[in-house]
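Report on one structure; see the data block that follows.
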Amino acid sequence: MLIGRLLSHYRVLEQIGAGGMGVVFRARDEHLLRDVALKVLPAGALADEAARRRFRQEALSLSRLSHPNIETVYDFDSQEGIDFLVLEFVPGDTLSDRLARGPLPEEEVAALGRQLAAALAAAHSQGVIHRDLKPHNLKVTPDGQLKVLDFGLARLLETPDPEAPTRSLLTDGPLGTPPYMAPEQLRGETADHRTDIYATGAVLYEMATGRRPFGHLAGPLLTDAILHRDPPPPESLNPAVSARLGRVIMKALAKERRDRQGSARELEDEIGGRRAARAPLRRSLRRLLTFAAGAAAILAAGLFGYHLLAPGQAFASLAVLPFANASGDPEVDYLSDGLTDSIIGSVSTLPRLKVIAWSSVSRYRGREVDPRRVGRDLNVATVLMGKLTYRSERLEVNAELVDTRDRSHLWGARYDGRLAEMRTINDQIARQISDGLRLRLSGEDERRIAGRSARSPEAYEHYLRGRHIFLTQYTGEGMRRAIDEFQKAIDVDPAYALAYAGIADAYYGLSNLYLPATEAMPRARAAALKAIELDDDLGEAHASLGVVKALYDWDVAGSEPEFRRAIALSPSSATTYLMYGVALSATDRVAEVQSLLAKALELDPLSSFVRTYVTMPMYVTRQYDQAAEQLRRQITVEPDFYLPHAFLGLVYEQQGHLKEAVEEFRTATRLDDNPEA
């Protein structure tokens, strides 16, 4: 009996499920003080230590999947002959429980179907196929969020025998659950992403009609039906189902893979294309507060209000694209970039909203963009687009929030005034939005957003120049000039906490490469502490202090409260997740490092730095071949970026390929173009 036992540092509390892949318990993580799900594998599922090592390696690779609709894999461990996976604990009912009460309304079918397709798209992009999708493996949380369980676990339990690529270690039969298996699975062929699309079609069919595509057939009769017959159209069983949704479902259930949707993203688009499903959203949007807005705090407040009023979780992700500089003067590019980054910084403090980092959205600067393409590239539901005009001290900002699924306009904002009026207008509009939303924007939210603003437009301008002209050059001279600009901002506004945080970042950038760490890091610490003294709610400052403690003091335990505080204050800060992961890489907590770096990559998917650091867990666990392969792929895509060459040199050094290592180090040095090194 496992109830009450301690497996590793997980206290088993109660059994919450059982199936072919094992028994599931709710447990308490006594290190991180959170509930988790423990999936205990059947005795003998992993016959020997080699199988156990293979399973652990595959499980850790799955832990890199980070998506709001996918249950997270935290770890795999063994104790006293018990093999178990540690997973995210997901509250709520399974979809099987929901369907026991009958079919779902079409709006709910569409909402859940889109979330399921989005989860598949994210996993397929990482080369992971579920292979056993069914209502029992889907949970719906109390707030209506769908979570896919057991993602990729069917693959983990495959036999490594290449002669039987679709056999399960547990059942010695084809992987999958027969009523939801695609024809190619039943024929013993290798599954691919379109196999998951078929299973999704079967799940959608059951949600819409209350019955499986081939009713209660089983055994050979069911196999024959899946291979040779078409199920009745969903609308023939439930007249409330629209013909359009019926066509989407029947396409997903096509016998031949080539006749199904080509990708999960295409399936998501087709599910979401039904006009009736969008009507309630549009009615809600018409009730949205109309306002004139300006600069970061105004737009951040507006986005927060919109997010709270939008139904469900459909728009809980945002990319703020670089504002176009419509002034005709490249000398003020830093203002449009700074405005974009300021909005990102403000909305990144808001809970339940995923915000893509500046380093990823900056790739779209100066380009004509298709919101749907951006949505697919960055995995976001909305984009904020706009332009900025700045002439003779007058600033005009136009902004538009767009749904990436159908390019529909959600709301727009315009501000016209003097830069010197910025902070007053910010505070006024933030209060107006708070009133309009009946205090849904809390006083704490208002204070936190407004607290990021400089009291002086001159200080704000110096900060933007430091952050967006010099610091982003990543050179010794650039970082020194950034410090000068941040100091000028402080001279004008001594209480400007963000400027102190900028100084901390710049000194960390100078450390080792351009200044001795003993000189640079104490200055970074002092600046971070001053920023915290001025504004304890500034996530950037806590993250900077965490970096100093972890990478200069070698006090990883002391750094963790700072990183956790930074994440609580700015849940969408990719840099914080990245640096926290780097800090923990000095420990044996590999699964946590992978999870943190995966979160950083989710928030900053186009960042060259993040993509390079994602290989760090492979390096520290001596998976050198895998790390080298990923680094070589990155170099192929971006050959002139120095960091993957440097990392690849370290990998080659550990592999004993010293000549190749020296070549990579030389290439990295040349590309870094650092005359001071």
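The values are calculated or read from the model by the stated rules, or taken from the named source; none is laboratory data. Given the structure is predicted, the values throughout are model-derived calculations rather than measurements. Note: ideal-geometry Cβ built from the backbone for every residue, glycine included; neighbour counts use all protein chains shown. Protein only, heavy atoms only, side chains kept; ligands, DNA and RNA dropped before computing areas. Shrake-Rupley method; radii C 1.70, N 1.55, O 1.52, S 1.80 Å.
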Residue satisfying all of: in the stretch 460-486; out of contact with any helix residue (DSSP H, G or I) (no Cβ under 6 Å at 6 or more places or on another chain) and farther than 30 Å from residue 671 by Cβ; most open to solvent (accessible area, probe 1.4 Å) among these: 461
Hits in the stretch 91-109 - residues which are aliphatic (A, V, I, L, M) and out of contact with any Leu (no Cβ under 7 Å at 6 or more places or on another chain): 99, 100, 104
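Filtering the stretch 183-209 down to residues that are of a type in the set (Gly, Ala, Ser) and modelled with pLDDT under 95, which residue is farthest from residue 251 (Cα to Cα)? Walk me through how you get there before you give the answer.
Going through the stretch 183-209, the residues of a type in the set (Gly, Ala, Ser) turn out to be 188, 191, 199, 201-202, 208.
Cutting the leftovers down to modelled with pLDDT under 95 gives us 188, 191.
Details: 188: 22, 191: 18 Å.
Residue satisfying both the conditions and the ranking: 188.
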Filtered residues of the stretch 75-118 (kept if hydroxyl-bearing (Ser, Thr, Tyr) and not in a helix (DSSP H, G or I)): 78, 94
Every residue from the stretch 119-136 that is part of a helix (DSSP H, G or I) and open to solvent by 10 Å² or more (accessible area, probe 1.4 Å): 121, 122, 124, 125, 136
Helices (runs of 4 or more DSSP H) lying entirely in the stretch 560-655 (those with 2 or more residues that are of a type in the set (D, E, K, R) and open to solvent by 30 Å² or more (accessible area, probe 1.4 Å)): 590-603, 624-637
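Filter the stretch 541-582 for residues that are in contact (Cβ under 8 Å) with a residue 60 or more places away in the chain and closer than 23 Å to residue 510 by Cα and give the result.
At the first step, the residues of the stretch 541-582 found to be in contact (Cβ under 8 Å) with a residue 60 or more places away in the chain are 569-575.
Residues satisfying the conditions are 573, 574, 575.
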Residues within the stretch 228-255 that are more than 16 Å from residue 202 (Cβ to Cβ), part of a loop (DSSP other than H, G, I, E, B) and in contact with a helix residue (DSSP H, G or I) (Cβ under 9 Å, 6 or more places away or on another chain), tallied: 2
Subset of the stretch 512-553 (residues that are polar (S, T, N, Q) and touching an Asp or Glu at 6+ places or on another chain (Cβ under 8 Å)): 544
Where residue 103 falls short, out of the listed (1) modelled with pLDDT under 90; (2) touching a helix residue (DSSP H, G or I) at 6+ places or on another chain (Cβ under 8 Å): (1)
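In the stretch 195-227, how many residues are in a helix (DSSP H, G or I) and in contact with a Pro (Cβ under 9 Å, 6 or more places away or on another chain)?
We begin by selecting, within the stretch 195-227, every residue in a helix (DSSP H, G or I); these are 195-209, 219-227.
If we keep only those that are in contact with a Pro (Cβ under 9 Å, 6 or more places away or on another chain) too, we end up with 198, 201-209, 219, 222-223, 225-227.
So the count comes out to 16.
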Selection count, the stretch 359-413, where residues are open to solvent by less than 30 Å² (accessible area, probe 1.4 Å) and either without any contact (Cβ under 8 Å) to a residue 24 or more places away in the chain or assigned to a helix (DSSP H, G or I) (or both): 8
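Which residues, taken from the stretch 52-79, are surrounded by fewer than 16 Cβ atoms within 10 Å (Cβ to Cβ) and modelled with pLDDT under 85?
Here is the first cut: in the stretch 52-79, the ones surrounded by fewer than 16 Cβ atoms within 10 Å (Cβ to Cβ) are 53-54, 57, 79.
Across the stretch 52-79, the qualifying residues are 53, 54, 57.
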Filter pass, residue 531 being crowded, with 24+ Cβ neighbours inside 10 Å, touching a helix residue (DSSP H, G or I) at 6+ places or on another chain (Cβ under 7 Å) and either at pLDDT below 90 or hydrophobic (A, V, I, L, M, F, W, C) (or both): yes
Scan of the stretch 534-548 for residues that are charged (D, E, K, R) and either open to solvent by 60 Å² or more (accessible area, probe 1.4 Å) or at pLDDT 95 or above (or both), ordered by number: 536
Subset of the stretch 525-540 [in contact (Cβ under 8 Å) with a residue 60 or more places away in the chain, not aliphatic (A, V, I, L, M) and not in a helix (DSSP H, G or I)]: 535, 537
Among (1) crowded, with 24+ Cβ neighbours inside 10 Å; (2) in contact (Cβ under 8 Å) with a residue 60 or more places away in the chain - the single one residue 343 does not satisfy: (2)
Total residues in the stretch 194-223, condition open to solvent by 40 Å² or more (accessible area, probe 1.4 Å) and either closer than 17 Å to residue 115 by Cβ or of a type in the set (D, E, K, R) (or both): 3
Contacts under 7 angstrom Cβ, first residue in the stretch 123-145 being basic (Lys, Arg), partner at pLDDT below 85 and open to solvent by 40 Å² or more (accessible area, probe 1.4 Å), 6 or more apart: 131/155
Residue within the stretch 536-555 that is touching a Phe, Trp or Tyr at 6+ places or on another chain (Cβ under 8 Å), of a type outside the set (A, V, I, L, M, F, W, C) and within 23 Å of residue 86 (Cβ to Cβ) present: no
Subset of the stretch 492-524 [part of a loop (DSSP other than H, G, I, E, B) and farther than 18 Å from residue 554 by Cα]: 493, 494, 495, 496, 513, 514
